[in-house]
Amino acid sequence: MNGSKVTQYVYKTVRAEGGGSVTGGTSAGVSGSVKSLTTASFKVTPLVNTGTCSQASISIKLTADDLNCSKGSVTLTSDDAATGAANDGGLLFNGMQSMKIDGGGSVTITGSFTAPSGDPDVERHILVTDDCGNVTDIKLTIVIVDNLAPNSYCEDKQVSLNNKGEVFVTPGTFSSTSENNFGYTDNCAIVAPSSPMDTKGMFIRRTGSGDCWTRSLVLTCTDGESVKVDIRTIDDAGNYTDCCVTATLVNKAGPSCQSFMNVSTICTDPNLANLESFFREPTYYAPCGEVKVTSTTPSLSLSCGAGSVTKTWTFTNNGQSVQCSQTLTVSAVPGYRVLPLVDSTATCNYTYNEAVERARALDRVQLLDPAGTVTCAAPIVEVEKWEYSNSQYCKIVRIRYSFVDKCQRYQGLVADAASYVNFDQNGGTAGYTRYSNGYYQARQVADGSGFAYVFGYERYIMVNDRTAPTSVPPVVADICLGDNCKFTFSQTLTGSDLCGDGSTTGSNLAFNWSVVSPSGSVIATGNSSSVSHATRATGSLSDLAAGTYKVNYSVADYCGNRSFYSYQVTGKDCKTPFVLVHEKNLELGYDSRLNMGMGQVCVDDVLNNLGDNCTGYDYLYSKTRMQRASDAAVYAETLPTCLQFTCADKGQRVAVRVWTRDEAGNTNFVLNYITVQDNKGACTAPLSTITGTLATENGQSVKDVVVTGSVNGVTQGTANTNASGTYSLQAGLDQNVQVKAVKIATEDKYAGVTTFDIARISKHVLDIEKLASPYTMIAADVNKDGEIDAQDMLQIRNFILKKSSSLPGGVWRFIDKSYAFSNTANPFGEDFPEVVNLSKVPATATANFVAVKLGDVNTTYVAGLTGVQVRNSNALMLQAEDMQLVAGNEYTVDITSENFNAIAFQGTISLNGATVKSVKGGDLANINDGNFGVFTNEVTASWNGATKLNANVMSITFVANKTAKLSEVMTVGSSLTSAVANDAQGNEMNVNLKFTTGKVSGGEFALHQNTPNPVALETTIGFNLPKDEQARLTVYTVDGKTVLAKQIDGKAGVNQITINKSELNANGVMYYRLETAEHTATKKMIIIE
């Protein structure tokens, strides 16, 4: 602190007071007479800004308080002699020579001095003389004492951290002035500390830390962005001053790193596949904060097996970055050798492929030097090819392989696994010199950048094949035209060859084709060059007009052997035209000529519109016709364009068909209705009644036949036959009436038509056994062309096999029963009537018809039966080996018969849970694909010929859709084609299928006629069951009385039961009925005495 303090010294005679820059304490005062006041001490501060602590000034006030002398005053004088110059610092008091103090008065004296070096004390003597002459020598000791604190000059500073995140600071770091180079001032000099333990000088510590004061301080980045520090300045007297400043830390030093040594390896080092394994991340350091590390991804590119790659890391901290790197150097290991490729022959095929041959040659390269050490050579292969042919080989392929490595020379040719041959590394002739072993000497080739070593050799491939491939031309079903009257054709051609199995590129077959239009011009060509399938090719055409196109194609193998084929594709209009009509009300009018009510409706009366995909309206209109719906639904141009209606139609809504036909012959009709009215009473004329019966030659009645009576082409009456085949209709009395019968319903179209009919027709055609009656001959002419021939048999077989849905001639023909054939051996030579013409019809008349069932030449049609009924218990037994089927697998099953005792058989083989792929005939006579129909999961069969022992009937190939036993999947029945066989005598038999496990699949449910019948003693009743099941047989009289009932454990297939007459206890007509859970059948028998 700064300031002054006056110390009083009280004397009895004189009181002395001293002043100056007093910084010390007050000295003890002394009192006494002037005589006794002999000493006084003063502490003064040194003069400020003198640069030394030895200069000072002093002011002393002397007061005369107690004077012993009456004169009342004292005189002060300086005793210079006593003081001397050695220790008073040259202190001189102003006015001391003549100063006098009156009693009770005072006087002040001042002075300045410099303390002698090394002695801060100054002595001075003052002589005090009173008026009485008394003298006292007062010795004054003046001590220089520094009580003033130093002045400190400090301020906030920015300090920079080093690369370790530290900074060394001292008090001088925060100096705000250059004075004394320390930043302080003092009234006297501060002596520099003589040791670290010295308590003088400037000190520093963190503010508020309580740490000891130190000469210096280390600040780090952990102190944050700034830190406060205290600085203390202490002078030699122990006076001190504190100041607080802020140190702002600046991180000017960035991160540092240290790379690892560079590495090297050779080009065969397998670790080169993982370049990162060669590099190590450098060590790094950053003063403060997180360091971001990034690095490059090494990518090695070798030239001739040598090269280098450097990976660089970048370390970033506080906006500053540093990089370190490491380099991998790869050295080459040269050399390679080659395993030979020898000549070869190909029996069938070889296709040259440059890439394949190059790869084949490279596969023979060994990257080894002469000592067998693995190298990093990278030879390339150039391949050249020449082709020849001669009388022995269809193709000779000469291939030259040249191995070139621009980086290192070829090391040798390996003759076998244990040795190799070195070649002249200085090259040879400019060209190749072929040696007897097929190899060539190495040579050098100048490439402009140095020399590339080349090695080459040749090999030959001889291909031998002179057999042309074969193909089966496809059989293409007619293709229907689309809505645009065009069709699209797509067909796959297949072929086979001695060598071309399609397993390799060279075994492919080449297809070329051309399509010839109906006019004879070529409209398209194609080939299989872009087809990936080896032994087939697919071609397609679109927007083809109707007509028959011829496809000519050839198939060639690798050696150029070629075969030629052709087939036809027909596009036809299969789409029927459409007819739009409206209904019509017709009012009858009286016709006096016919004596009856009449009316007419024509096409124009009901027609709205016509249309077709190919045919125009005018043509369709010209072919539009009408007919009653009761007539057979068959279009004919002879049909009328107008229909006549009579009183027989009065009050009815008569159904009619309105037909049309397009240019392709497709017909279609729409059902329309004419409401016939007689509001004017036109229907008052008398009528006649015409009755008759329609039955087959052997008396089987035919029901649901539409019979019409017409006068002059106008229908007057219509009736349908009942279950007995009889009818009754009305027509104009005393008129000429034509009676016609037509069977429209076709539910019985398969009834009575079997493969045995084909066998009978065959015998007729071959003149082995002629058909017995003109009616059976008419039945055999199923296409109604007036001849019985193979075409009729084919059409019946396709009908039985369900390949076609109808016979060309329809189902029935009805012939006037009263007509007598002039030549019963050839009914087709005369115009036999299929109508009955009645003249001047009386009130009642009769018109009977013989019903001829087309295809049923053995007259087995039974009224009310829609299929085939087997009439006895004999059976054709087929066999098959039972097996376990696995879903997804393909199987072929042989169906055989130990005793094929039939000359005709047919039926349906069903595979419930399988998909049929194909069927092949066995070793029966003349059996072929035409005897079978193939459907999704069924096969139909129809065959006639000779019986055979141990016959292989057919083989069926299928894919199982479920896992099961074959006997659980395969059955024989009548789902499509009725199952029936005929023995040599023509007797019908069941068709059963027996598996090796004993299970039998037997046709359909059937009850057979008892034999013998009539019954005299006993009779046998046979029946067929489709599966093992309970059955009940009941025999009862015509009035319904039961005479016998038996419960039967039936087995799948043929069953028999014998009944003794005595069990019946009745005579006359009896009925027997067989019942199961799902079926019932009844037949009649006669019991005689």
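All of the numbers you see were taken from the coordinates with simple rules; none came from a lab. In this text, all values refer to a predicted model and were calculated from it rather than measured experimentally. Don't worry about glycine lacking a Cβ; one is built from the backbone with ideal geometry, like all the others, and counts go over all protein chains shown.
Below, the figures for the structure above:
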read-out: Diffusion coefficient, µm² s⁻¹, Stokes-Einstein with Kirkwood Rh over alpha-carbon pairs of region 609-650 at 10 °C and 1.306 mPa s; value: 130 µm²/s
read-out: Pairwise FRET efficiency - Thr538 versus Ala984, Cβ, R0 = 51 Å, nearest 0.05; value: 0.50
read-out: Sorted by Cβ density within 10 Å, fewest first, the residues Asp230, Asp211, Asp831; value: Asp831, Asp211, Asp230
read-out: Whichever aspartates and glutamates have a C-alpha closer than 13 Å to that of Lys650, once near sequence neighbours (fewer than 8 apart) are set aside; value: Glu587, Asp678
read-out: Amide H within-cut-off set for Ala149, under 5 Å, with H built and near neighbours excluded; value: Asn2
read-out: Residues His1008, His582, His1079 arranged by fewest to most Cβ contacts within 10 Å; value: His582, His1079, His1008
read-out: Scattering profile of region 825-930 at q = 0.11, 0.18, 0.24 Å⁻¹ [log10 I(q)/I(0), Debye over alpha-carbon scatterers]; value: -0.68, -1.19, -1.45
read-out: Within-9-Å neighbourhood charge of Thr641 [Cβ basis; K, R +1; D, E -1]; value: 0
read-out: Eligible aspartates and glutamates near Lys292 by straight Cα distance, threshold 15 Å, same-chain separation 8 or greater; value: Glu281
read-out: Qualifying lysines (Cα of each under 23 Å from Cα of Lys61; at least 8 residues distant if same chain); value: Lys5, Lys12, Lys35, Lys43, Lys71, Lys100, Lys139
read-out: For Thr241, Thr136, order by how many other beta-carbon atoms lie within 10 Å, fewest first; value: Thr241, Thr136
read-out: Rounded Å value of the spacing that divides the Cα centres of region 1012-1089 and region 667-741; value: 42 Å
read-out: Rounded FRET efficiency, nearest 0.05, which uses the C-beta distance separating Tyr285 from Thr185 and R0 of 51 Å; value: 0.70
read-out: Hydrodynamic radius (Kirkwood) for region 1005-1089, which is based on Cα pairs only, to one decimal in Å; value: 12.9 Å
read-out: Region 256-331 - Rg (one decimal) and Dmax (whole number), Cα, Å; value: 14.4, 48
read-out: Listed residue pairs exceeding 32 Å between alpha carbons, taken from Lys703/Lys1051; Lys575/Lys917; Lys802/Lys1083; Lys575/Lys817; Lys703/Lys784; Lys395/Lys917; value: Lys703/Lys1051; Lys575/Lys817; Lys395/Lys917
